[in-house]
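**Student:** My questions all concern the structure below.
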Amino acid sequence: MTDFHIRDTHRPPPAAKGRLFGWEWLKAPRQVGALAPSSTSLTRAITAGLREEHGPVLELGPGTGVFTAAILACGVPPQQCAAIEASRGFAAALADRYPEVDVIHGDAARVRHLSPFGPAAAGSVVCGLPFLSIPPQKIMRVLAGSFASLRPDGAFRLFTYAPYCPVPFAIRERLGLVARRTAFVALNMPPASVYILERKPSP
């Protein structure tokens, strides 16, 4: 797949979020990973405590943009946000909705090459990727690239429908990461947990 910045291409008219989500799910259910966009409760939980000083923010798998809206609502300027989306339909609709956000049509496994902020420059990653349906080798690439793009104190935020962290322990150990669950969102459908991954403190 060729990576490119959506805002530099011709875009189709934006579709209603629900209809677009359903269409993209029918085309690639494993890539989308959910039957409906994340709830307001989950978007608040995954962005809790996020502030302007935690930017720039990289968003992986933004889908219809519910997390994007929450990130911006936290006070992060749109010029300090970049969203990497594998679905051309989602990416085009997101670029129409948020023209000041850098929307990139590409594979999140190539985040270290796609990030417009450069190496070790981003403060946060907000991840909407369905890790439960992604092979461990790709999860490794996504995380290695994300932490190469993050500052030493940067954090990787993600959610899961599983009762455990979706990043295998072996991958966390290999990359020197620790995971902590920060929220359980019972009102989401299905219920979801939010995790933050960070680098282990230096000994």
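**Student:** Whose amide H sits under 5 Å from the amide H of L177, counting only residues 5 or more places off or on another chain, with H placed in the peptide plane?
**Tutor:** K200
**Student:** Using a 1.4 angstrom probe on the protein heavy atoms only, line up M140, M189 by accessible area, largest first.
**Tutor:** Numbers: M140 35, M189 155 Å².
Largest accessible area first, the list is M189, M140.
**Student:** With a cap of 13 neighbouring Cβ atoms within 10 Å, and only residues DSSP puts in a loop, list the chymotrypsin sites (Phe, Trp or Tyr not before Pro) found in the stretch 52-154.
**Tutor:** Values: sites: F67, F90, F117, F131, F147; in loops: F117.
Nothing satisfies the criteria.
**Student:** Which net charge results for the neighbourhood of L143, defined as the other residues with beta-carbon distances under 10 angstrom from its beta-carbon, given Lys and Arg at +1 and Asp and Glu at -1?
**Tutor:** On the way: positive: K138, R141, R172, R174; negative: none.
It works out to a net charge of +4.
**Student:** Further, regarding this structure: Does the stretch 85-130 come out rounded, prolate or oblate, given a ≥ b ≥ c as the square roots of the eigenvalues of its C-alpha gyration tensor, rounded meaning a/c under 1.5 and, failing that, prolate meaning a/b above b/c?
**Tutor:** prolate
**Student:** Further question: Please give the net charge around T68, taking every other residue with its beta carbon less than 9 angstrom from that of T68, where Lys and Arg add +1 and Asp and Glu add -1. Don't skip to the end; give the middle numbers.
**Tutor:** On the way: positive: R97; negative: E59.
Within the 9 Å Cβ shell, the charges total 0.
**Student:** Hey, can you grab everything whose amide H is under 5 Å from the amide H of T182? Only 5+ residues off in sequence or another chain; H modelled, so Pro and N-termini drop out.
**Tutor:** Close amide H contacts, sequence-distant or interchain: V194, Y195, I196.
**Student:** If you don't mind, there's one more thing I want to ask. With every protein chain left in place and a probe of 1.4 Å, what is the accessible surface of D107, to the nearest 10 Å²?
**Tutor:** 40 Å²
**Student:** Treating only the Cβ of Lys, Arg, Asp and Glu as charged (+1, +1, -1, -1), what charge dipole size does the stretch 123-195 show about its Cα centre? Round to the nearest 20 debye. Can you show the working numbers first?
**Tutor:** Details: 8 positive and 2 negative charges, 16 e Å.
Once rounded to the nearest 20, the dipole reads 80 debye.
**Student:** Just to verify a number: what accessible area does R157 come out at with the full protein assembly present, 1.4 Å probe, Å² rounded to tens?
**Tutor:** Near enough 20 Å² of accessible area.
**Student:** Which shape class applies to the stretch 59-158: rounded if a/c is under 1.5, otherwise prolate when a/b exceeds b/c and oblate if not, where a ≥ b ≥ c are the square roots of the Cα gyration tensor eigenvalues? Working shown, then result.
**Tutor:** Details: a/c = 1.62, a/b = 1.17, b/c = 1.38.
It is oblate, given that a/c is not under 1.5 and a/b is not larger than b/c.
**Student:** Right, another one. In terms of the Cα gyration tensor, with a ≥ b ≥ c the square roots of its eigenvalues, is the stretch 46-106 rounded because a/c is under 1.5, prolate because a/b exceeds b/c, or oblate? Spell out each step's value before the answer.
**Tutor:** Values: a/c = 1.98, a/b = 1.80, b/c = 1.10.
Prolate, since a/c reaches 1.5 and a/b exceeds b/c.
The values are calculated or read from the model by the stated rules, or taken from the named source; none is laboratory data. Please read all numbers here as calculations on a predicted model, not as lab measurements. Every residue, glycine among them, receives a Cβ derived from its backbone with ideal geometry; neighbour counts consider all protein chains shown. Just the protein is used for accessible areas: all its heavy atoms, side chains included, with ligands, DNA and RNA removed. Shrake-Rupley method; radii C 1.70, N 1.55, O 1.52, S 1.80 Å.
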